[in-house]
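What follows draws every value from the coordinates through simple rules; no lab data is involved. Since the structure is predicted, the reported quantities are computational estimates derived from the model, not experimental observations. A quick note on method: Cβ atoms are made from the backbone with ideal geometry, for glycine too, and the neighbour counts reach across all protein chains shown.
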Amino acid sequence: MKKIKWLIVLLVFLLTGCTSTKITSSWKAQNVEAKQYKKILVLGLIRDTDRSLQEKMEAHMIDDLKEKGYNAVGSLSEYGPKAFSNMTEAEAVNKLKESAVDAVITIVLLDKQKERSYVPGRLYYSPYGMYYNRFWGYYGTLNYRIYEQGYYVTDTEYFWESNVYDMSTQSLIYSVQTKSFDPANSESLGHEYGKLIINEMVKNNILK
């Protein structure tokens, strides 16, 4: 029985240690070289009902940018939840210039899907000789496995897109799309996403 418990613990460790966010596609403009931007705005475009998620996503990416030596701020803390509502393009650009923002990184939640699936009870076969040698050990082990009840699980997939805009030209210089599968919580999702995206930007010579 101890062997089974240790196997379960190891499996849980391996599963939880894996990242839930994967890059699905990316694009980079031609002739783009990394710049040491003076002030980067992290702008989350997420529904109001997911405001706490936006806060986590912005905060983690800001921290990851600061670790690379960049001055970064979030749209929620800098401008509030309705930062550019009812503004024209010229008004929004002027607002950014007044704040000395020279680059914008967006975090857009393109879609969120939930899927409910049934996990049936399972019967595993393992050559546990020690249980086969004694009737009660064999009966107890196999009886538990045979009658293990199934259960329903709900998995959630998040589809994200982050774009980088150089405000000196207002041009898109980098875009990356990702999928996050059933993250443990918004805190871990924000942490994984920020690390992944910033590291990709450095690797692709968007950021120093």
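Here the gap between Asp48 and Val202, fully extended at 0.36 nm per residue and compared with their Cα-Cα distance, gives a gain of 52.4 nm. With the simple spin-label model, which puts each label point 7 Å out from Cα in the Cβ direction, the Leu172 to Lys22 separation comes to 2.4 nm. Listed peptides 20-27, 69-76 appear in the order 69-76, 20-27 once ranked by packing, highest mean of other Cβ atoms within 10 Å at the front. Output the pairs from Lys114/Lys179; Lys114/Lys195; Lys28/Lys95; Lys56/Lys179; Lys35/Lys66 with a Cα-Cα distance over 21 Å in this structure; if there are none, say none. Long pairs (Cα-Cα over 21 Å): Lys114/Lys195; Lys28/Lys95.
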